[in-house]
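J.: Here it is, the structure in full.
The values are calculated or read from the model by the stated rules, or taken from the named source; none is laboratory data. Note that this is a predicted model, so its numbers are computed, not measured. Glycine also receives a Cβ, built like all others from the backbone with ideal geometry; neighbour counts cover every protein chain displayed.
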Amino acid sequence: MPLIEQGRVAEDSWSLIPDGEPVPNDRPAIISFERWQAERASFDGRNAKLGVRLKGGTLAGAVAADLDRFALVAVEFPKFRDGRGFSTARELRERYGYTGEIRAVGHVIPDQYQFLMRTGFTSVEAPEGTNVESWADALTEITVAFQPSLDDTQPLSLLRRRLGAG
């Protein structure tokens, strides 16, 4: 599956390690949150970067105390219409101050890409066979924002105030 960053295909140095398989100590690895909970102590002294994958219903607070241990948090979207992942990313950034990579995984579509970026995601694992250009185009589709976000986009309400419009 291609990795999308800033609307372009990017090199993915991370490996998703299924539960029960050994975690390599010499390269970046993503493990499930359940595995992290069960084997936390076994990752002490790890040399390579570690990432954690959260299932769709896992709240940001569940991983908050350990965020300093993770270089990446992958947030799963079980279906494109399930918006809980947006809230998780925003909470990781705003409430818990997480500055590492947040990756959207699972069932995401290009139409959501701009909103993913605005809520704190830095990368998206796009479905196999995806039209890569559609992800880049999605960043320019909407030029007006109504809600404040974590990116530099100013919401329409602030623009209206500056212009003195009602």
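J.: Take the residues of segment 115-134 that are touching a residue at least 24 places away in the same chain (Cβ under 8 Å) and either farther than 19 Å from Leu72 by Cβ or of a type in the set (Lys, Arg) (or both): which is surrounded by the most Cβ atoms within 10 Å (Cβ to Cβ)?
T.: Per the stated criteria, the residue is Arg118.
J.: Are any of the residues in segment 55-69 of a type in the set (Gly, Ala, Ser), at pLDDT below 95 and in a loop (DSSP other than H, G, I, E, B)?
T.: Yes, segment 55-69 has at least one match.
J.: Every residue in segment 12-40 that is free of Cβ contacts under 8 Å to residues at least 12 places away in the same chain, charged (D, E, K, R) and within 18 Å of Asp66 (Cβ to Cβ), please.
T.: Residue satisfying the conditions is Glu39 alone.
J.: Which one of Val9, Val63 is touching a residue at least 40 places away in the same chain (Cβ under 8 Å), surrounded by 14 or more Cβ atoms within 10 Å (Cβ to Cβ) and β-branched (Val, Ile, Thr)?
T.: Numbers: Val63 fails: touching a residue at least 40 places away in the same chain (Cβ under 8 Å).
Exactly one of Val9, Val63 is touching a residue at least 40 places away in the same chain (Cβ under 8 Å), surrounded by 14 or more Cβ atoms within 10 Å (Cβ to Cβ) and β-branched (Val, Ile, Thr), namely Val9.
J.: Have a look at Gly51, Gly97 and point out the one that is of a type outside the set (Ser, Thr, Tyr), part of a strand (DSSP E or B) and either modelled with pLDDT of 95 or more or surrounded by 13 or more Cβ atoms within 10 Å (Cβ to Cβ) (or both). Full working, then the answer.
T.: On the way: Gly97 fails: part of a strand (DSSP E or B).
The unique qualifying residue is Gly51.
J.: Restricting attention to segment 100-120, report how many residues are hydrophobic (A, V, I, L, M, F, W, C), in a loop (DSSP other than H, G, I, E, B) and under 12 Å from the mean Cα position of the chain (by Cα).
T.: Initially, segment 100-120 is screened for residues hydrophobic (A, V, I, L, M, F, W, C), giving 102, 104-105, 108-109, 115-117.
Keeping just the survivors that are in a loop (DSSP other than H, G, I, E, B) gives 108-109.
Applying the additional criterion that residues be under 12 Å from the mean Cα position of the chain (by Cα) yields 108.
Total satisfying the criteria: 1.
J.: Please specify each residue of segment 1-34 satisfying the condition of being of a type in the set (S, T, N, Q), more than 30 Å from Asp137 (Cα to Cα) and either part of a strand (DSSP E or B) or touching a Cys at 6+ places or on another chain (Cβ under 7 Å) (or both). So that I can check it myself, show each step before the final result.
T.: Restricting attention to segment 1-34, the residues satisfying the condition of being of a type in the set (S, T, N, Q) are 6, 13, 15, 25, 32.
From what's left, more than 30 Å from Asp137 (Cα to Cα): 25, 32.
Hit for segment 1-34 is Ser32, nothing else.
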